[in-house]
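Please treat every number below as a calculation from the coordinates, not as lab data. In this text, all values refer to a predicted model and were calculated from it rather than measured experimentally. Glycine also receives a Cβ, built like all others from the backbone with ideal geometry; neighbour counts cover every protein chain displayed.
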Amino acid sequence: MFTEILRGLRTTFKMMLEKPVTVQYPEVKRPVRRRFKGRHELRRYDNGLERCIGCSLCAAACPADAIFVESAENTDEERYSPGERYASTYEINMLRCIFCGYCEDACPTQAIVLGDNYELSFTDRRQAIYGKEMLLVPVKEGGLPTPQKTEPGKFNRSIPEMNNPD
Amino acid sequence: MGIEQKLGNMGVVTMRLEDAVNWGRTNSMWPMLFGLACCAIEMMSAQASNYDMSRFGMELMRASPRQSDLMIVAGRVTRKMAPVLRRLYDQMPDPKWVISMGDCASCGGVFNNYAIVPGVDEVVPVDVYVAGCPPRPEALIHGIMTLHEKVRGEKIKDWS
């Protein structure tokens, strides 16, 4: 009988030697997987122009109707993105978004990408609507903030050669 | 001011009642077991050993509303479930808080139909909304942290 008790306690003693598995979350953050879809980001080209051209394809692809885009015309004096139009309003309701990534797939300029941030909790529903200024990434080094003054005829196409226009 | 200097040698610390009570409330907030859909899986995971909500004094999920302080509405609430939800909320003793976990509970999410309540804040007052479909266990814990912040800031005149 005694050996049976020991055999039963073998797992218990084995577990006593193992390290605890708990992730001490607010201090230690477990890195997300490569394909994880978190909070959205609106990207820019290297020269600082926004990639988003305000075509609303992301809003059309969104199954939860979480995205609202309003577009306006670019001019050479005030240029936000290459091509004719840019998104003057870009709002994502984080409480509606289901982080499926369809917007990412629909975007012709790869402007919207889903990032790593998952810490989205709000005390008010209105805080959950993220505007363009919250979604846009900061300008990289060497780039200029939008709106930019550009020479005419340089950024005629909304979708340039998909690389960075300079 | 005066009392601490007089009693300093006796090991007495004074603090505001607000802070003491809010500290107590923050660190022993027992959630009610209220999983409705897929978010409940993540809620269970947050309770399990990998994320372990009992580090924050949420020792175990109470199955009874009378013993719980916090209701985590995890999942979509149907029209048929809404009266039950309200009734359970009414049975909880004061002070009580509600976390609306996930998109469906917060605003209906992808479900745009007659069967789903568009947001549980139509039925109960919600303190914290957690976004995600479903939120990761970390995101739920972040929501609980947000709630703790809110509870820490409560004033004595708001207690009813």
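Observations on the model:
- Whole-Å semi-axes of the protein assembly as shown's equivalent ellipsoid (Cα gyration tensor): 45, 25, 24
- Other protein chain Cβ atoms within 10 Å, averaged over every residue that makes up B:138-146: 5
- Separation of the B:E122 and A:E70 label points, Cα + 7 Å toward Cβ, nm: 2.7
- Flagged links, alpha-carbon separation over 29 Å, of A:K37/A:K154; A:K29/A:K132; A:K37/B:K80; A:K132/B:K80; A:K29/A:K140; A:K37/A:K149: A:K37/A:K154; A:K37/B:K80; A:K132/B:K80; A:K37/A:K149
- Hydrodynamic estimate: the Kirkwood radius of region A:23-166 over Cα pairs, inserted into Stokes-Einstein at 20 °C and 1.002 mPa s, corresponds to D of 133 µm²/s.
- Each Lys or Arg adds one and each Asp or Glu takes one away; over the other residues whose Cβ falls under 15 Å from the Cβ of A:D76, this sums to 0.
- In order along region A:125-131, phi translates into HN-Hα couplings of 5, 5, 5, 6, 8, 8, x Hz, rounded to whole numbers, per the Karplus curve 6.51 cos²θ - 1.76 cosθ + 1.60 with θ = phi - 60° and x for Gly and Pro.
- Projected area averaged over orientations for region B:69-131, convex hull of C-alpha atoms, nm²: 3.7
- Partner chain coverage, peptide A:120-132 - average Cβ within 10 angstrom: 5
- Tail beyond 30 Å, pair distance distribution of chain B (Cα, percent): 22
- For residues of A:94-104, the mean tally of beta carbons on other chains within 10 Å: 5
- Were the residues from A:V21 through A:T3 laid out at 0.36 nm apart, the gain over their Cα-Cα distance would be 3.5 nm.
- Working ranking of peptides A:77-87, A:141-151, B:21-31 by packing, defined as the average number of other Cβ atoms within 10 Å per residue, highest first, is A:77-87, B:21-31, A:141-151.
- Lone cysteines, the protein assembly as shown (no partner Cβ under 4.7 Å): A:C52, A:C55, A:C62, A:C97, A:C100, A:C107, B:C38, B:C39, B:C104, B:C107, B:C133
- Descending by average beta-carbon neighbour count within 10 Å, the peptides B:125-132, A:95-102 line up as B:125-132, A:95-102, the highest first.
- For region A:116-134 versus region B:29-94, the gap between their alpha-carbon centres in whole angstrom: 23
- Beta bridges per DSSP with both ends in region B:30-150, % antiparallel, nearest 5: 10
- Summing Lys and Arg as +1 and Asp and Glu as -1 over all other residues whose Cβ lies under 11 Å from the Cβ of B:S45 gives a net charge of -2.
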